[in-house]
Amino acid sequence: MAAAQTSRPAVPENDRFDGIDLLSLGNTQATPFYAYSANAIRQRIAGLQHALAGMDAAVCFAVKANPTLAILQLMAEAGVGADIVSCGELRRSLRAGIPASRIVFSGVGKSDAEIAEALEAGVGRFNVESADELEALQRIAHQRDVIARAAVRINPDVDARTHGKISTGKAENKFGVSIDEARQWFADAGRRGNVRLDGLHMHIGSQILELEPMRQALRRLAAFWRELSEDGHRIDSIDVGGGLGVVYRKGHDRPVELQGYVQAIKEALAGFEGRVILEPGRYLVAEAGVLLTRVIRVKGNDKRRFLVVDAAMNDLLRPSLYDAWHDIEKVASGEGRAQVSVAYDIVGPVCETGDTLATARMLPPCAAGDLLAIRGAGAYGASMSSTYNSRPLIAEVLVDDGRYALIRRGQSFEEMVAGEQAATSWRAL
Ligand SMILES: *Cc1c(COP(=O)(O)O)cnc(C)c1O
């Protein structure tokens, strides 16, 4: 007997997201909202920790990629520290349970107040980015009679071959100091009794998809470490920064392989006996996040078809700011996922032409009310959002093995305007 014939092709499953199907998830909250997979984040952390096994290595999550407390708690639970660039990030990290000793403080514009607060908290290390900051650190640590541990951020002058706005390791960028300048800092380190300068740091850029620029920067950093050691300067930590790229466009972006990256670090730093610090941000969280949004309406002219969705550039800035690509899918079951494709420009409600999330994207036919998933939204998504156009900040949800929890509720109008007031109490100067 012949096998039973199916008259229709198998109905595809809905997209699973850490044990929940996205279509159901989309019905749990008002859209737009962010959802993150706890297991995807845990897997990234575990993979990195596994690759680093046997090394004296510390992973410090770059908080700016996703500073939501519940995300930082996942980091804390996994023994991951924090790379911070402000006292807001310091307080978030501490509140999430990341010990101060596992926090490194980067950034070109640390204020005196921030330096004092970080010293008070006992942060593990200051990544110092200018001579002026080094003097400020000495002065403030001296006032408090403490010793600050510091690393000099080297600008290795390499081209990370990434988007210009996220390249940070070229001489014309504002970050770090030249090796020549750093050499001077070590030469006169004795003058600064309250700063223990025993670390090197670099971070050459973000979304790096090639190993070669990283290798080149590592070689320069390593050569400097060897030179310093020969001159009798003890280096206890080498922080190689973050920057590992991720897949925003499936089948197109080819990230650096973790093993190759770790191997490059090991090779460059062969013989180094101190601690190696890594500061990944995007790598740990980007692909674990999705921005769920609904189609408000479909409109067209003779040139274009637009999907006007309820998420906008204020919720996810990357496409406007960096011309970034995010894979976008229609979330539907069965027929709704038909293969027939239509080219849509996916735009938000904000009054800017730049409020375009994607251009000429092929999707199954869409109608008002349809749910879309914008992938790769776990890093620099919620963290870069604003209330532009007086759109309140949106909710964030954590999904963990078939369950979900609200980790940040959508901002209310009253919360958005809290702190504003009529100009009634004037003061003369
Ligand atoms: C932003 C930043 C990082 C993280 O960059 P990713 O590309 O997200 O890994 C690490 N270190 C410093 C100093 C940074 O400014």
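In the range 89-101, of all residues being part of a helix (DSSP H, G or I) and farther than 20 Å from residue 136 by Cα, the one that is most open to solvent (accessible area, probe 1.4 Å) corresponds to 95. Summed over the range 338-350, the residues that are within 27 Å of the chain's Cα centre (by Cα) and open to solvent by 30 Å² or more (accessible area, probe 1.4 Å) give a count of 1. Out of all the residues in the range 155-165, is one or more modelled with pLDDT of 95 or more and of a type in the set (A, V, I, L, M)? No. Here residue 335 fits the description: exposed (fewer than 14 other Cβ atoms within 10 Å of the Cβ), over 30 Å from residue 167 (Cβ atoms), outside the structural domain of residue 207 (by TED's automatic domain parsing) and at pLDDT below 95. Within the range 208-225, the residues that satisfy the criterion of being within 22 Å of the chain's Cα centre (by Cα) and of a type in the set (A, V, I, L, M, F, W, C) are 208, 209, 211, 214, 217, 218. The condition (being under 30 Å from the mean Cα position of the chain (by Cα), at positive phi and open to solvent by less than 40 Å² (accessible area, probe 1.4 Å)) is satisfied by just one residue among 199, 205: 205. Condition first: assigned to a helix (DSSP H, G or I), open to solvent by 10 Å² or more (accessible area, probe 1.4 Å) and away from the ligand (no atom under 14 Å from the Cβ). Now tell me which residues in the range 225-282 satisfy that. Passing the criteria: 225, 226, 227, 229, 230, 259, 260, 263, 266, 267, 268. Restricting 74, 119 to those that are outside any loop (DSSP other than H, G, I, E, B) and closer than 29 Å to residue 36 by Cα reduces the list to 74. Of the residues making up the range 24-65, those that are within 16 Å of the chain's Cα centre (by Cα) and not aliphatic (A, V, I, L, M) are 34, 36, 37, 42, 44, 60, 61, 64. Number of residues in the range 11-70 that are part of a loop (DSSP other than H, G, I, E, B), more than 16 Å from the ligand (Cβ to nearest atom), surrounded by 17 or more Cβ atoms within 10 Å (Cβ to Cβ) and not assigned by TED's automatic domain parsing to the domain that holds residue 296: the value is 0.
So for the range 295-302 (the condition being surrounded by fewer than 19 Cβ atoms within 10 Å (Cβ to Cβ), in the same structural domain as residue 56 (by TED's automatic domain parsing) and away from the ligand (no atom under 16 Å from the Cβ)), does at least one residue qualify? So far as the range 295-302 goes, no, none of its residues is surrounded by fewer than 19 Cβ atoms within 10 Å (Cβ to Cβ), in the same structural domain as residue 56 (by TED's automatic domain parsing) and away from the ligand (no atom under 16 Å from the Cβ).
Taken together, the residues in the range 227-250 that are within 16 Å of residue 210 (Cα to Cα) and of a type in the set (Gly, Ala, Ser) amount to 4. With respect to the conditions (1) within 14 Å of the ligand (Cβ to nearest atom); (2) of a type outside the set (D, E, K, R); (3) touching a residue at least 40 places away in the same chain (Cβ under 8 Å), residue 195 falls short on a single one, namely (1). For the range 127-178, residues that are acidic (Asp, Glu) and under 21 Å from the mean Cα position of the chain (by Cα) total 2. Taken over the range 203-224, the residue count meeting the criterion of being within 16 Å of the ligand (Cβ to nearest atom) and either over 25 Å from residue 248 (Cα atoms) or part of a strand (DSSP E or B) (or both) is 4.
Checked against (1) open to solvent by 10 Å² or more (accessible area, probe 1.4 Å); (2) assigned to a helix (DSSP H, G or I), residue 174 passes all but condition (2). Comparison of 180, 83 shows that the only residue that is open to solvent by less than 40 Å² (accessible area, probe 1.4 Å) and under 27 Å from residue 229 (Cβ atoms) is 83. Going through (1) open to solvent by less than 20 Å² (accessible area, probe 1.4 Å); (2) more than 16 Å from the ligand (Cβ to nearest atom); (3) part of a loop (DSSP other than H, G, I, E, B) one by one, residue 141 falls short only on (3). A residue that is more than 23 Å from residue 308 (Cα to Cα), in contact (Cβ under 8 Å) with a residue 60 or more places away in the chain, part of a strand (DSSP E or B) and of a type in the set (A, V, I, L, M) cannot be found anywhere in the range 357-372.
Candidates in the range 102-126 are the residues that are open to solvent by 50 Å² or more (accessible area, probe 1.4 Å) and within 21 Å of the chain's Cα centre (by Cα); of these, the one that is farthest from the ligand (Cβ to nearest atom) is 102. For the range 167-192, a tally of residues being touching a helix residue (DSSP H, G or I) at 6+ places or on another chain (Cβ under 7 Å) and within 12 Å of the ligand (Cβ to nearest atom) returns 1.
The values are calculated or read from the model by the stated rules, or taken from the named source; none is laboratory data. Since the model is a prediction, treat every value here as computed from it, not as a measurement. FYI the Cβ positions are ideal-geometry reconstructions off the backbone, even for glycines, and counts take in every protein chain you see. Ligands, DNA and RNA are excluded from the accessible area calculation, which covers all protein heavy atoms including side chains. Shrake-Rupley method; radii C 1.70, N 1.55, O 1.52, S 1.80 Å.
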